[in-house]
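Visitor: Have a look at this one.
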Amino acid sequence: MFKVTPNPPAPRKDLLFTVSPDVHIEALLANASEDLLSISSIAADLADDVEGSRRSVALALSRMSDGVYLLVERVLDHLESPETRQSQVKV
């Protein structure tokens with residue numbers, strides 16, 4: 001018997017999570033951006049409920065995720081720029 005479609009690759013057993021290879025890079029970055037905003041919000045909310053060094057740690061996490069969020073947004077802006085769009089078009 002001849003199979004028209006090949007068998008899918010066997011899943012690796014040492015991975016808990018994987019990212020599908022066919023997901024577009026902009027979708028991945030947008031998802032990461034939203035997750036970073038959520039992390040920042042959770043950490044900022046936690047900082048309101050704790051004191052001392054734990055408050056400092058929570059605020060640091062919030063600020064770090066804000067910084068990474070800005071980096072991801074900058075990459076998204078670059079991907080959406082007209083220059084980048086034109087360079088992706090095949091002539």
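Visitor: Looking at the stretch 47-87, which GluC sites (Glu not before Pro) are DSSP coil and have at most 15 other C-beta atoms within 10 Å of their C-beta?
Guide: E51
Visitor: At most 16 other Cβ atoms within 10 Å and a DSSP loop assignment: could you name the trypsin sites (Lys or Arg not before Pro) in the stretch 9-91 that fit?
Guide: For trypsin sites (Lys or Arg not before Pro) across the stretch 9-91 that sit outside H, G, I, E and B with at most 16 neighbouring Cβ atoms in 10 Å, the list reads R12, K13, K90.
Visitor: Mind checking the angle between helix 53-80 and the chain's longest principal axis? C-alpha axes, 0 to 90 degrees, to the nearest 10.
Guide: 40
Visitor: Give the share of C-alpha pairs in each 5 angstrom bin for the stretch 1-52, from 0 to the last occupied bin, in whole percents, shortest bins first.
Guide: Histogramming the stretch 1-52 at 5 Å steps yields 4, 13, 12, 12, 14, 13, 11, 7, 5, 3, 2, 2, 1, 1 percent.
Visitor: When Lys and Arg each count +1 and Asp and Glu each count -1, what net charge do the other residues less than 14 Å away from G67, Cβ to Cβ, add up to?
Guide: Cβ neighbours under 14 Å give a net charge of 0.
Visitor: A follow-up question, please. Taking Rh as the Kirkwood radius computed over C-alpha pairs, what is the Stokes-Einstein D of the chain at 37 °C in a medium of viscosity 0.692 mPa s, expressed in µm² per second?
Guide: 195
Visitor: For helix 25-49, report the angle its Cα long axis makes with the longest principal axis of the Cα atoms of the chain; keep it between 0 and 90° and round to the nearest 10°.
Guide: 20
Visitor: How high is the relative contact order of the stretch 25-88, in percent, with contacts defined as C-alpha pairs under 8 Å that are six or more residues apart?
Guide: Details: 43 pairs, mean separation 23.8, N = 64.
Worked out over the stretch 25-88, it gives 37 percent.
Bear in mind that the values in this text are calculations on the coordinates, not laboratory data. Note that the coordinates shown come from a computational prediction; the quantities given were computed from them, not determined experimentally. Every residue, glycine as well, gets a Cβ built from its backbone with ideal geometry; the counts of neighbours run over all protein chains shown.
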